[in-house]
1. Send over the per residue convex hull volume for region 108-157, Cα only, as a whole number of Å³.
2. State, in angstrom, two size descriptors of region 128-271 derived from its alpha carbons: Rg to one decimal place and Dmax to the nearest whole number.
3. So, for the chain, what is the accessible surface per residue at a probe of 1.4 Å, expressed in square angstrom?
4. Report, to the nearest whole %, how much of the accessible area of region 1-112 belongs to carbon and sulfur atoms, 1.4 Å probe, protein only.
5. What percentages, rounded to whole numbers, describe P(r) for region 1-133 computed over all alpha carbon pairs with 10 Å bin width beginning at zero?
6. Over the alpha-carbon set of the chain, work out the extent along each principal axis and list the three values in angstrom, largest first.
7. To the nearest 10 degrees, how steeply does helix 2-19 sit against the main Cα axis of the chain, on a 0 to 90 scale?
8. So what's the angle, to the nearest 10 degrees on a 0 to 90 scale, between helix 74-87 and the longest Cα principal axis of the chain?
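The values are calculated or read from the model by the stated rules, or taken from the named source; none is laboratory data. Because the structure is a prediction, the values reported are computed rather than measured. To get the accessible areas, we keep the full protein, side chains included, count just its heavy atoms, and leave off ligands, DNA and RNA. Shrake-Rupley method; radii C 1.70, N 1.55, O 1.52, S 1.80 Å.
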Amino acid sequence: AMPAGMLHFTMLCFPLGVLSYANTFVAQYVGNGQLWRVGPVVWQAVRLGLIAAPLFLLAIPATPWIFQSAGHTGTLLELETVYFQILAWGAGGTVVAAALATFYTGRGTTRVVMIVDTISAMTNIVLDYFWIFGYAGFPAMGIEGAGWATVVSQWIKVPIYMGLVMSPKNVALYRTRDWRFDASLLKRLCRFGAPSGVQMLVEVTAITLFIMLIGELGEEAMVATTLAFSVNSVAFMPMLGLGIAISTLVGQQLGQDRPDMAARATWNAFRLAAVYLGIMSLVSVLAPDLFLLRHRSGREAG
């Protein structure tokens with residue numbers, strides 16, 4: 001699951017980086033009071049997501065070759081190939097949902113995003129249990145079931161966001177029914193979002209290549225690496241959320257022509273990140289077993 005999942009995320013990085021920049025546009029429009037421009041920019045981001053959706057499927061035929069080139073063989077090759085190919089069907093849902101989420105993150109109403117993501121995660125957990133092991137009438141499909149559970153949980157966010165974004169209040173205040181093609185706005189979104197997408201792509205590609213090379217050492221090394229990266233996600237995932245938060249705050253302050261407050265928000269975010277990562281680093285070095293207690297108990301139970 002780890003090499004396939006990371007390769008899948010690598011494929012998502014560039015489009016996510018580009019369309020997520022709509023968050024900054026929304027924040028600036030809210031900051032300077034141009035609320036009627038919020039809906040149109042969100043729909044340009046959604047349009048980018050819809051364009052990217054079918055492109056993800058082009059990677060499906062090349063999947064075995066990609067993993068074989070990394071030296072993967074046997075069961076590892078077979079399972080990661082089928083898992084990646086299934087995840088590709090959910091990539092479109094991931095990017096479209098991310099585009100729709102900018103309507104809320106850019107305005108600072110992140111509780112809505114938290115609720116929608118929680119619904120998605122809980123759906124994934126329940127379907128994982130049913131689809132992996134074969135309960136409640138579902139076939140026992142193992143890692144294939146896990147892949148399809150993820151696909152469903154990613155796409156389920158799209159209709160939820162659509163229903164919320166298209167509420168009468170949002171239509172009246174933010175013109176969320178204005179989904180006309182705007183070449184100028186789309187061009188600006190691509191121009192400013194592309195560097196962010198390239199940055200994400202380069203960073204995640206480096207991590208993915210490392211994980212792929214570890215696969216050459218065998219399944220045991222791959223399992224250890226998967227555990228290490230799962231633990232490490234506790235450190236870096238909250239920082240991604242902090243990055244979204246600070247881009248919103250900076251955008252809103254710049255929209256209000258207050259660059260001093262934008263700089264202050266940036267430095268405050270830097271301090272928060274330094275404190276959190278410092279604590280996580282100390283715990284990782286001084287008490288690493290704390291992160292693996294759950295895995296150990298499951299192994300002992302087995």
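1. Working: hull volume 2.9 nm³, N = 50.
Residue-normalised Cα hull volume stands at 58 Å³.
2. Answer for region 128-271, Rg first and Dmax second: 21.3, 59 Å.
3. Numbers: 16000 Å² over 302 residues.
Per residue, the chain has an accessible area of 53 Å².
4. Working: 2680 of 3970 Å².
With neighbouring chains kept in place, the figure for region 1-112 is 68 percent.
5. In whole percents, the pair-distance histogram is 12, 33, 31, 17, 6, 1.
6. Computed over the chain, the largest-to-smallest principal extents equal 58, 43, 38 Å.
7. For helix 2-19, the angle is close to 10 degrees.
8. Tilt relative to the chain: about 20 degrees.
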